[in-house]
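See structure below.
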C-alpha cells in the first residue's frame with residue numbers, strides 16, 4: 001500500500017483560482033490518486049495534482065484518454081485509495097460507461113467536470129452549464145446520482161471535500177460540476193487547518209472474511225467495503241450481482257440490487273442536499289441558481305435590495321438528488337421564481353416538475369458563451385416585478 | 001488427478017454458482033488451469049493476486065477463482081489494472097482479455113500499458129473471433145476467413161498480438177497455445193515473475209463460432225491445428241520463409257529490461273516527499 005502522509009505546512013492565504021482550490025480540497029479530503037488527460041478548461045487541476053500527489057505520498061498518472069483515466073481511478077479506489085479525475089464536456093462524455101461501472105459496483109470516486117460550451121468541441125474556453133442533465137443521466141441504466149455544483153474559490157475547496165465525503169460514506173461516484181468562469185476566477189483563499197476539517201473514510205468490514213457479504217442488503221443500504229489486498233477476496237463485477245457479488249438474473253435479486261443503490265441515496269437526501277438561502281424571508285421574487293450564475297444572481301439580489309425590491313436567492317450546491325424541499329418552500333412563498341442558467345433550461349425543468357402552486361417560474365437562459373452579469377439579472381427582475 | 005483436486009479446492013470459489021458459462025470443449029478452462037498452476041508454483045498468497053478482466057467469454061474467468069477479482073467493462077481491463085497496481089504495488093495484477101477486448105476496443109490501452117511498462121501481466125486469449133456475441137470478426141480474424149459479420153470473407157489483415165506488444169515496449173512477450181498446455185504454465189509463470197509489462201498471447205480455439213464458420217472441425221481438430229501450425233521460437237530462425245508460411249511461433253519472444261513505470265514513480269514519490277520542509 002502506498003504510504004500516505006499528511007503534510008503539516010504553514011498555509012498563508014493565497015490568490016488562487018477555482019481549479020487550484022479543487023485540487024487543494026481534494027488533497028485535504030485525502031485524495032491520493034489522480035488520473036487524467038489534458039483538456040481545457042480543467043487542465044490546471046491535473047497539473048497541480050502531478051506536482052502535489054507524490055509530495056503527499058500519492059500517485060498521479062496521465063492516461064491515454066479520459067476512458068482510461070476513469071478506469072484507473074476506479075481501480076485505485078477498489079485498491080483502497082481515494083481517487084479523482086477532472087475533465088470537461090468531451091472527456092466527461094467518454095467517461096460515462098465506467099462511471100456507470102462505478103455506480104453498479106458502488107466504488108467511491110470523484111469526477112470533476114469543468115463545464116464548457118458544447119455539444120462536441122463546442123466552446124473550449126467559454127463557460128457553460130449545459131452538462132447538468134448529462135451528469136444526472138449520462139450513464140445508462142437505473143442509478144441514483146450525487147451531483148454537486150461549485151460557484152467560487154471557497155466553494156471549490158469545501159464542496160470538493162464534501163464530494164469525497166459523500167462518495168466514501170455512500171459508496172458512490174460523485175460528480176462535481178464547475179465551469180470555466182469558476183475555474184479561472186481568482187480569489188484570496190485562506191486554507192483551513194486540517195484539524196478543522198471533517199474527513200470521512202469508507203467503512204471497512206470488521207467481520208472475518210468468511211462472514212463478509214460484500215453487497216449485503218442492509219437497511220441503510222451501504223455495505224462495508226473491502227479493498228483488494230486486505231484479505232477479503234471478493235468479486236467485483238459490472239453485471240447485476242447478488243449480495244455476494246456474483247452475477248445474477250434472478251428477479252428478486254435484481255430488484256433488490258436496484259432498490260438498494262437508490263435507497264442509500266434517497267434515505268440520506270437531507271444530508272446530501274446542500275443549499276444556501278439569501279434574503280428569502282420576505283422575498284417576493286426568488287432566484288434559484290447554481291455555479292457561476294449564482295454569483296451573478298447574488299450580486300443582482302444585493303442591487304435589487306438597494307432599490308427596495310424584495311428579491312431573494314436560493315443557491316443550490318447539490319443539484320442531484322434534486323433538493324425538492326427547499327425549492328418547494330421557495331415556490332410556496334414567492335410570487336415569481338427566476339432560474340438563470342447558462343443553458344437552454346435544465347434545472348428549471350426540475351423546478352417545474354415539482355408542480356406546486358401557482359408561482360410563475362421563469363427560465364432565464366444564456367448560451368452565448370458568456371457569463372451572466374448582475375445587471376442583466378436585475379433587469380429581468382425589474383421586467384417581471 | 002489428485003493434484004487437480006487439490007488445486008480445485010484451493011483456488012476455485014465454492015460459493016460461486018457453477019457451472020461456468022464456457023461451451024464444452026472450450027480452451028478457456030485450460031488457460032485457467034495453467035494460470036492457477038503458475039500461481040501455485042510461484043507460491044503467491046491468494047490475497048496478493050488481483051485478477052482483472054474485460055468483457056467476453058475469457059473475461060468471465062476471474063469470477064470463478066478465489067482471488068481479488070474484478071470483471072470490468074469491455075476493453076478497459078488494463079486501465080483498472082493500472083489504478084490497482086499504482087494504488088497497491090504489493091499486489092500482483094493480472095489482466096485477462098480476449099482478442100476483441102484487448103486488440104479492438106482496448107487496443108489503445110494495450111499499447112500504452114506496454115509503452116509505460118507498468119508491472120502488470122496481460123494474458124490475451126486469441127481465438128480469432130467474438131465468441132460471446134456469436135462469431136463476429138475480431139482484429140485477429142485471419143484475412144480470407146468467414147465470420148458472422150464477414151459472410152463474404154474477411155478483407156482486413158489481422159493484428160499480430162505478441163509482435164504488437166514487442167513493438168510497443170513490453171518487457172516480456174510470449175506466445176503459447178492451449179494445445180501446449182504444460183508449456184503455457186511456464187510462460188505464464190515467467191510472465192508473472194518478470195517485472196514490467198508482460199504479455200502472453202494464448203492461441204485458443206472457438207470451435208462453436210470460428211471453427212463452425214471456417215469448417216475447421218471439432219475442438220479436437222482445432223487443437224491439432226494448433227499443434228501443426230505452432231513453431232517453437234528458437235527453431236524459427238533456422239526455417240525458410242516457405243516453411244514458416246501460415247505458421248506462428250510459440251515460446252518466449254522478447255525478454256528485456258526497460259524502465260518500469262511503478263518503480264520509476266516510487267523514486268519520484270520518495271524524492272518529492274523528502275524535499276518537503
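Taking the criterion of being part of a helix (DSSP H, G or I) and either under 13 Å from the mean Cα position of the chain (by Cα) or more than 13 Å from chain A (Cβ to nearest Cβ) (or both), the residues of the range B:40-59 that qualify are B:40, B:41, B:42, B:58, B:59. Considering only residues in the range A:206-229 that are out of contact with any helix residue (DSSP H, G or I) (no Cβ under 7 Å at 6 or more places or on another chain) and crowded, with 18+ Cβ neighbours inside 10 Å, the one that is farthest from the other protein chains (Cβ to nearest Cβ) turns out to be A:223. Residue-level analysis places residue B:234 among those that are assigned to a helix (DSSP H, G or I), in contact (Cβ under 8 Å) with a residue 12 or more places away in the chain, out of contact with any helix residue (DSSP H, G or I) (no Cβ under 8 Å at 6 or more places or on another chain) and away from chain A (no Cβ under 14 Å).
Among the residues making up the range B:60-79, those that are touching a helix residue (DSSP H, G or I) at 6+ places or on another chain (Cβ under 6 Å) and more than 7 Å from chain A (Cβ to nearest Cβ) are B:61, B:65, B:74, B:75, B:78.
Take residue A:241 and tell me if it is in contact with a helix residue (DSSP H, G or I) (Cβ under 7 Å, 6 or more places away or on another chain) and either outside the structural domain of residue A:363 (by TED's automatic domain parsing) or touching a residue at least 60 places away in the same chain (Cβ under 8 Å) (or both).
Details: in contact with a helix residue (DSSP H, G or I) (Cβ under 7 Å, 6 or more places away or on another chain): yes; either outside the structural domain of residue A:363 (by TED's automatic domain parsing) or touching a residue at least 60 places away in the same chain (Cβ under 8 Å) (or both): yes.
So residue A:241 passes the test.
Between A:340, A:374, the distinction of being out of contact with any strand residue (DSSP E or B) (no Cβ under 9 Å at 6 or more places or on another chain) and either within 30 Å of residue A:124 (Cα to Cα) or in contact (Cβ under 8 Å) with a residue 24 or more places away in the chain (or both) belongs to A:374 only. Of all residues in the range B:81-99, those satisfying the criterion of being at the interface with another protein chain (Cβ under 7 Å from one of its Cβ atoms) and assigned to a helix (DSSP H, G or I) are B:81, B:82, B:83, B:84, B:86, B:87.
When the residues of the range B:237-277 are filtered to those that are within 14 Å of chain A (Cβ to nearest Cβ) and in a loop (DSSP other than H, G, I, E, B), the one that is farthest from residue B:195 (Cα to Cα) is B:277. Restricting the range A:343-358 to residues that are assigned to a loop (DSSP other than H, G, I, E, B) and without any contact (Cβ under 8 Å) to a residue 24 or more places away in the chain, the residue that is nearest to residue A:116 (Cα to Cα) is A:345.
Step by step: first the residues of the range A:70-98, then only those that are surrounded by fewer than 24 Cβ atoms within 10 Å (Cβ to Cβ) and part of a helix (DSSP H, G or I), then the one that is nearest to the other protein chains (Cβ to nearest Cβ). Which residue is that? Give the derivation first.
In the first step, residues of the range A:70-98 are kept if they are surrounded by fewer than 24 Cβ atoms within 10 Å (Cβ to Cβ); the result is A:80, A:90-91, A:93-94, A:96-97.
Among the residues that remain, those that are also part of a helix (DSSP H, G or I) are: A:90-91, A:93-94, A:96-97.
Values: A:90: 16, A:91: 14, A:93: 15, A:94: 11, A:96: 11, A:97: 6 Å.
It comes out as A:97.
Whether any residue in the range A:254-277 is without any contact (Cβ under 8 Å) to a residue 40 or more places away in the chain, within 30 Å of residue B:20 (Cα to Cα) and within 14 Å of chain B (Cβ to nearest Cβ) is what I want to check. No, because not a single residue in the range A:254-277 is without any contact (Cβ under 8 Å) to a residue 40 or more places away in the chain, within 30 Å of residue B:20 (Cα to Cα) and within 14 Å of chain B (Cβ to nearest Cβ).
Could you tell me which residue of the range A:131-160 is surrounded by the most Cβ atoms within 10 Å (Cβ to Cβ), considering only residues that are over 10 Å from the mean Cα position of the chain (by Cα) and under 15 Å from residue A:184 (Cα atoms)? The residue in question is A:156. Kindly check whether there is at least one residue in the range A:57-66 that is touching a residue at least 40 places away in the same chain (Cβ under 8 Å) and either at positive phi or facing chain B (nearest Cβ under 7 Å) (or both). So far as the range A:57-66 goes, yes, one or more of its residues are touching a residue at least 40 places away in the same chain (Cβ under 8 Å) and either at positive phi or facing chain B (nearest Cβ under 7 Å) (or both). The number of residues in the range A:47-65 being crowded, with 24+ Cβ neighbours inside 10 Å and either at pLDDT below 95 or in a helix (DSSP H, G or I) (or both) comes to 2.
Residues in the range B:100-131 that are within 14 Å of residue B:161 (Cβ to Cβ), in contact (Cβ under 8 Å) with a residue 60 or more places away in the chain and within 13 Å of chain A (Cβ to nearest Cβ): B:113, B:114. Within the range A:311-325, the set of residues being closer than 20 Å to residue A:336 by Cβ and in a strand (DSSP E or B) comprises A:311, A:312, A:313, A:314, A:315, A:316.
The values are calculated or read from the model by the stated rules, or taken from the named source; none is laboratory data. Because the structure is predicted, anything quoted here is derived from the model rather than measured. Neighbour counts run over all protein chains shown; Cβ positions are idealised from the backbone, glycine included.
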